[in-house]
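Engineer: I have a structure I would like to understand better, so I am pasting it below and will then ask my questions one at a time.
Values in this text are rule-based calculations from the coordinates and carry no lab data. The structure presented is a predicted model; accordingly, all values stated were derived computationally and were not measured. Please note: Cβ atoms are built from the backbone with ideal geometry, for glycine as well, and neighbour counts cover all protein chains shown.
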């Protein structure tokens, strides 16, 4: 029986998702598993929960940057911290990412937008990050940014957010294996283990 | 240069701290490091932050039990979930634990109280958990429970909570190595690595 694919649900405004976005290609290669990249708009779900992960909690936010920095170093991922946070236009970043996943340039855009955010200090979802990221991956920014603002893409993002909520998702990144939810970059290895062995090792 | 000791700051009402309490003796043996067990009253800090980790967030709470269950299985720790939550008298559990750390029976009590909570379903800090846990470790419950309610112990718990806050602590369990904070049972190995190498590996 082939190993199942893993749904990678993430939101472009998430800090810890930077680690996953940067290391997932190597995890895919090493594990032989396929990850489906599925952007959704976490902020909708957080607002429904009345939950603010970091922005109004200074101790938690300070810890988050320190922890992200330590783990980036562990994985050999460059990082300049703190990055601008929270990202005010994360919904637009998610719309562009979703459009990109449809059109085949999504992973390249997502990695470049995160690189600009976490290595150059340019806020994701806002200018110049979006245009520059699209340009860097060889896409023409203007028509893409217009399509990303369409009702069609907005509705698709809303549908993906509904699917995330139905799976019990409340944060980012997430890995879903046959309905089993793993939350956090630090659960990526648990998800890989689950896909292969149906247990965490 | 000898490896530094690690401060293990925890609160008896914490669910993930069950995993740490049960596996810490083996981690101490394997690492050669010394952990100082320091109960504090997290609820004071959470109230100041206006932060409720799980109780008003059903998706997050459901995930927490599932994650604790998977990781308990990974570590070979027995568990019957969900355990009663939140524990209404966690302050008293912390007072008894702090008194026990002073008097030399603290770790035994803490492990037994967690065992009764997470394996037998008896809420920590309330009866019959406290009396039965003290009895099980060969202590006379009545005089201990009276001493645990003293102003002296209450003040000491408040002081430890102040120290936790000053270290940037906002959850449980925590591992502090020379001022470097690691939060979560899943960061225990990071703390051990930091104590030995001054980096996370």
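Engineer: Across the Cα atoms of the protein assembly as shown, what radius of gyration and what greatest pairwise Cα-Cα distance (Dmax) are found, in Å?
Structural biologist: Cα radius of gyration and Dmax of the protein assembly as shown are 22.8, 76 Å respectively.
Engineer: Counting other beta carbons within 10 Å of each residue's own, what order do B:103, B:146, B:180, A:28 fall into, fewest first?
Structural biologist: Lowest to highest Cβ neighbour count: B:146, B:103, A:28, B:180.
Engineer: Counting only helical runs of four or more DSSP H residues, what would the 222 nm mean residue ellipticity of chain A come to if each run contributes -39,500 (n - 2.57) and the total is spread over all its residues?
Structural biologist: When only DSSP H runs of four or more count, the value is -17500 deg cm²/dmol.
Engineer: Label region A:109-163 by shape, choosing from rounded, prolate and oblate, from the square roots a ≥ b ≥ c of the eigenvalues of the Cα gyration tensor; if a/c is under 1.5 it is rounded, and otherwise prolate applies when a/b is larger than b/c, oblate when it is not.
Structural biologist: oblate
Engineer: Cα centroids of region A:36-75 and region A:121-147: how far apart, whole angstrom?
Structural biologist: Their Cα centres are 23 Å away from one another.
Engineer: Taking the alpha carbon gyration tensor of region B:1-101, what are the square roots of 5 times its eigenvalues, largest first, to the nearest whole Å?
Structural biologist: Over the Cα atoms of region B:1-101, the ellipsoid semi-axes are 25, 19, 12 Å.
Engineer: Let me ask something else. Please state the shape class of region A:60-201: rounded when a/c is under 1.5, otherwise prolate if a/b exceeds b/c and oblate if not, all from the C-alpha gyration tensor.
Structural biologist: oblate
Engineer: Continuing with the same structure: Percent relative contact order of region A:57-118, based on C-alpha pairs within less than 8 angstrom and at least six residues apart?
Structural biologist: Dividing the mean separation by the residue count of region A:57-118 yields 27 percent.
Engineer: Okay, moving on. What is the fewest-to-most order of B:18, A:85, A:63 by other Cβ atoms lying within 10 Å of their Cβ?
Structural biologist: Lowest to highest Cβ neighbour count: A:85, A:63, B:18.
Engineer: Give me the percent relative contact order of region A:107-201, please, defined on Cα pairs under 8 angstrom at least 6 residues apart.
Structural biologist: Relative contact order for region A:107-201 comes out at 12 percent.
Engineer: Right, here's the next one. Would you mind ranking B:37, A:194, B:117 so that the residue whose beta carbon has the fewest other beta carbons within 10 Å leads the list? Provide the component values of the computation, followed by the final result.
Structural biologist: Working: B:37 18, A:194 22, B:117 26.
Fewest-to-most Cβ neighbours within 10 Å comes out as B:37, A:194, B:117.
Engineer: On to the next question. Normalised by the number of residues in chain A, what is the relative contact order in percent for Cα pairs under 8 Å and 6+ residues apart?
Structural biologist: Result for chain A is 30 percent.
Engineer: Determine which chain B residue has its Cβ at minimum distance from the rotation axis mapping B onto A, giving the value in whole Å.
Structural biologist: Spelled out, residue of B and its Cβ distance from the axis onto A: B:186, 3.
Engineer: For residue B:152, go 7 angstrom from Cα along the Cα-to-Cβ vector, then report the distances to that same point in the other copies in nm, smallest first.
Structural biologist: 7.6
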